[in-house]
Every structure is written in structure tokens, then in C-alpha cells.
Amino acid sequence: MKREENKCTFCGRPRSEVSMLIGGISGFICDSCVKQANDILDEELKASDNTKFGKLKLVKPQAIKEYLDQYVIGQDEAKKFLSVAVYNHYKRLNQVSTDDVEIEKSNIILVGETGTGKTLLARTIARLIEVPFTIVDATVLTEAGYVGEDIESILTRLLQVADYNVKAAERGIVFIDEIDKIARKGDNPSITRDVSGEGVQQGLLKLLEGSIVNVPPQGGRKHPDQKMIPVDTKNILFICGGAFDGIKNKIANRLNSRVVGYNSDRDKDQIDFNNLLQYIAPQDLKSFGLIPEIIGRLPILTHLDPLDRDALRRILTEPKNSLIRQYEKMFSLDGIQLKIDDDVLDFIVDKAVEFKVGARGLRSICETILMDKMYEAPSGKAKSLTIDLSYARERLSHVSAARLRQV
């Protein structure tokens, strides 16, 4: 009598027709059914809100600022503006409407020199709130139909971060960097195509204000046969950042034009010309080249202070992910204890100020000083390493500012 062959309880295929048959208490399942069940489970999890971007985490403004203080040095004014704006935005999403009062969202624009922490602030807040977050460079955006990325590619990246969970993406945060690079090329409206300037600003209007946008799932150019994903942007918080190089001159001109009459000398004395960004106003953005419609959809305008020597010194050691802690962690992975003398840290800051490379330049200087040690130490037997001032001076003696800016 021939023995009956075991079969998959789900699809009924016998053992000879499948690669693997897994036995249970009262049945069997083949490898094909396991794979299909896993695919179904993944789809269901993506469609539900029970993913890594689940229930919205509402954090009070003071708690947001305290969290930011752990990772970003200084910039108290920008932190307060961001904390209040983010809290009000997500409080608005959690509200249960009982009347006709509709709270509009408040997008944010950050103005500050490069390396002052604009991107770091936005990324840190997104990590705290636990919502989808993406950074988009405005310099690659062009008008539809031209070489470059369409405006909708911003939302494609947000969808990818949210694992194509549309509900999660619709309450995410988008940081548009280099927003100043899409400024209008002249003070007057362009009579010709400005495909990477004013044209992009016009395209951004519908995203910033809030509308349903058809987004190509994989990005790239849209074509008629492509399946689109509708995304409602009314609950997406947009944070725009830019260095706005040259806007200080426009601020200075505006301030000086007001300083007339009997109180002119007193008013001039009250103006801090070392940090003109603190006086920035919407009309300065307009004179720089942003169209009024864009400025109106970015109602919260704040600035980041330039980094002085004390701030650079604190950046080296105080944040949770400070540069020195990162290097200590890297050496500890090889079983080596790294110690950097305090006068070396002061020397690093002095060089950053001298070369005018800002906070990003701190890493360049540290890499230059530690490069040989990072090359030799993993193969050596030493369990401790001390960097003193004479060694740091010797390593930086032949390095130019231009080279550090390129790192």
C-alpha cells in the first residue's frame, strides 16, 4: 500500500511540488504560502496606523525646547519660535471641531548663515515628535516640463520615508533647504521663463497652502498612464531654511532709511550691526526675491544667530552627539580610550574662527588632526591615546582655509 504524501493545508500542493513543507500540530504549510502570507501582512500594516508612525505624540513647547537644548547649542529665539509653531500645528491636528473656527497651519521660514543649525533643528524636532520627516533641496526643483525635479517630488520623498503610509505622510514635516536659491532673479516680475526661480515659487504655493496633490509614487516625470497617489498637504508642516546671502545689506538699508530726524543718533546706537538678521522682516524677503504669495504662506519668520567663539567651543563638547563624543566613541570601538586636552579644543575653535568655516568646519579640523591616529591606532597595541597642543599644531601647520572649506 502506497503511503499518502503530506500536503500543504492552505494550497493543497504535495511535498514533492514545493521547496519546503513546515509541519504543525494538525497540518502543514509550504514556503510559497508563508511568503504570500508575509506579503499580505506587510500590506495590512502599511495601510493601518499601527506602524512606526502611529499615534501623534503631542509635546508641550517648553519640553520641545528642552529637548532641542540637548542637541543644538544656542539659538534660543529660533528654538522658541519652532517649539510654539510645532506644538500649535499638532495641537490643531488633534482638535475635535465643535464650532466654525478653523485654525490655519503656520509654516515656518528660518533665516541664518550656513552651519548655524537650521537643518539640525528641524531634524531634531521630527525625531522628538515621531512623524515622517524629509529634507528637500530647493536648488534641484524646476517648473514642470523642464530638466530637473518637479515640485511633487517633495511629497514623493515624504511618502517614501512614511513607507507609503499616506495618512502618516499627511501629518509629516518637510524641510525645504536652500529656499533662497529659488528667489526671483530681479526685483521686478519676470517677463520670460524663470524655471528655477519664480516658476518654482508659483508651484510651491499649492503645497504650502494646502491642497490635494497627485504624486507619482516613484518620483520622476509624470506621464498619463502612471498611477498617482493623492496626498492632502493641509496638515503637512513646511519648514523652509536658507542663508539668504546678501540680505544683510537690504536689512541695513531699510534700517538706515528709518533712522532720520532728531532721534537718529540714538536709534543708530541701538542697532546691533554685528547681527543684522535679528531685524529681518517680510519686506526684506520680498526685496531679496521671494514673491509675496510665498511670504504670506510662511507666516512664522525667525532667524538664527551667527556662531561666536563661545558657541563653537560648546558645540565641540556639550551636545549629546557632540563631535568629541563621536570621536571618543569611534576609538572606543577599537578598545582605545581617546583624550583630547582642553587647550587643543580651544585651538580647534580658534582655527575655525580664523578660517571662517563655522560649525561644519569643526569636523574638518578634527579630521585633519586625528587622521593619522585613526589610521595607525587600530593596528597598534595602545589602549589609550592623548592629543596634546603641540601635535595638533603640527598637524594643522600646512593646512589652508580653502582646503578645510572643501572637506
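The values are calculated or read from the model by the stated rules, or taken from the named source; none is laboratory data. On a predicted model such as this, the values are computed, not experimentally measured, just so you know. Positions of Cβ are generated from backbone atoms using ideal geometry, with glycine treated the same way; all protein chains shown enter the neighbour counts. Side chains included, ligands, DNA and RNA excluded: accessible areas come from the protein's heavy atoms. Shrake-Rupley method; radii C 1.70, N 1.55, O 1.52, S 1.80 Å.
Quick one: grab the alpha carbon gyration tensor of segment 306-347, order the square roots of its eigenvalues as a ≥ b ≥ c, and give me rounded if a/c is under 1.5, else prolate or oblate depending on whether a/b is larger than b/c. Oblate, since a/c reaches 1.5 and b/c is not below a/b. Ranked by solvent-accessible area (1.4 Å probe, protein heavy atoms only, all chains present), the residues Ser364, Ser384, Ser379 order from largest to smallest as Ser379, Ser384, Ser364. Reported to the nearest whole Å, the Cα centre-to-centre distance from segment 82-128 to segment 14-32 is 53.
Put simply, the amide H of Ile387, placed in the peptide plane, has neighbours under 5 Å in Lys339, Ile340, Asp341, leaving out anything fewer than 5 places away on its chain. Charged side chains reduced to their Cβ positions (Lys and Arg at +1, Asp and Glu at -1) give segment 292-375 a dipole of some 320 debye around its Cα centre. In a simple Cβ point-charge model (Lys, Arg +1; Asp, Glu -1; nothing else charged), segment 266-407 has a dipole of about 440 debye relative to its Cα centre. For segment 282-369, the Cα gyration tensor yields ellipsoid semi-axes of 37, 15, 11 Å (square root of five times each eigenvalue, largest first, whole Å). When the surface is traced with a 1.4 Å probe over the full set of protein chains, Tyr164 keeps roughly 80 Å² accessible.
Computing FRET efficiency as 1/(1 + (r/R0)^6) for Asp99 and Lys60, where r is the C-beta to C-beta distance and R0 is 35 Å, gives about 0.90. Here the spin labels are modelled as points 7 Å beyond Cα on the Cα-Cβ line, and at Asp308 and Asn214 they lie 5.5 nm apart.
Between segment 162-181 and segment 346-381, what's the alpha-carbon centroid distance in Å? The distance from the Cα centre of segment 162-181 to that of segment 346-381 comes to 34 Å.
In this view, the solvent-accessible surface of Ser397, computed with a 1.4 Å probe and all protein chains in place, comes to about 70 Å². Of the trypsin sites (Lys or Arg not before Pro) found in segment 302-335, the ones in coil according to DSSP and having at most 11 other Cβ atoms within 10 Å of their Cβ are Lys320.
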